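S.K.: One structure follows; several queries about it will come next.
What follows draws every value from the coordinates through simple rules; no lab data is involved. Bear in mind that the values here come from a model prediction, so they are computed numbers and not experimental data. Reconstructed Cβ throughout: ideal geometry from the backbone, glycine too, with neighbour counts over all protein chains shown.
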Amino acid sequence: MEKWFNVGKIVNTHGIHGEVRVISKTDFAEERYNKGNHLFLFLPKSDTPIELVVKSHRKHKNFDLLFFEGYENINDVEKLREGILKVPESQLSDLEEDEYYFHEIIGCLVATTRGEEIGKVTEILTPGANDVWVVKGKGGKEILIPYIQDVVKKVDIKEKVILIDPMEGLLS
């Protein structure tokens, strides 16, 4: 059975010519939204994905704007709103060493190099120079872990464990 990965959500139309506004959930927007790429749209009340071919992509404010082949005006794309854009696992490309997909990191247990369990990664923020991993700690407290070499010492995707050497004040 094919495994699917979210790359974005169509939140609205943009203009009258068939462009849609997407909130991306991918680190690879430029790669995912290349002209000719195939994306699969999962609508809220449907189990069958709609295959879409990217006609063009551009950035606008905090959104990715996409045109799809065969969708020429607002009436064509209105029904695509609230759909989740996904790609099958077969479309995931290999990453460089020390690079990970979000789905590989989310759910990992985070512990210090001294063996103290911190919590599990629940979310990844991408504010700028480096990603920040949101860890739900004991008592529901959220701890922000910067994905930098000084802090993250080991990532074991297979075992779903991340070892960190926290900087002073990081865990308090």
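S.K.: Test of understanding: what is the full-extension gain from Glu159 to Lys55, defined as 0.36 nm times their sequence separation minus their Cα-Cα distance?
M.R.: Value of the extension gain: 33.5 nm.
S.K.: In debye, nearest 20: dipole of the chain around its Cα centre with unit charges on the Cβ of K, R (+) and D, E (-)?
M.R.: Dipole size: approximately 640 debye.
S.K.: Report the calculated FRET efficiency for Leu125 and Ile16 (r = Cβ-Cβ distance, R0 = 45 Å), to the nearest 0.05.
M.R.: 0.85
S.K.: Next question, about the same structure. Where Rh is the Kirkwood radius over the Cα pairs of the range 2-55, the temperature 4 °C and the viscosity 1.567 mPa s, what D in µm²/s does Stokes-Einstein return?
M.R.: D, rounded to a whole number, is 106 µm²/s.
S.K.: Using only the Cα atoms of the range 4-90, what do you get for the radius of gyration and for Dmax, in Å?
M.R.: When restricted to Cα atoms, the range 4-90 yields Rg and Dmax of 11.5, 34 Å.
S.K.: Compute the projected area of the convex hull of the Cα atoms of the range 102-164, averaged over all viewing directions, and report it in nm² to one decimal place.
M.R.: For the Cα atoms of the range 102-164, the hull's average projected area reads 4.1 nm².
S.K.: Pick from Lys120, Lys45, Lys55: which residue has the top mean-square fluctuation in a GNM of the chain where Cα pairs under 10 Å get a spring?
M.R.: Most flexible of the set in this elastic network: Lys45.
S.K.: Here's another thing I want to ask about it. Could you pull the Rg and Dmax for the chain, using just the Cα atoms, both in Å?
M.R.: 18.8, 58
S.K.: Could you pull out the longest piece of the chain with no exposed loop GluC sites (Glu not before Pro) in it, calling a site exposed if DSSP puts it outside H, G, I, E, B and it has at most 16 other Cβ atoms within 10 Å?
M.R.: Of all site-free stretches, the longest is 3-68.
S.K.: Percent antiparallel among DSSP beta bridges with both residues in the chain, to the nearest 5?
M.R.: 90
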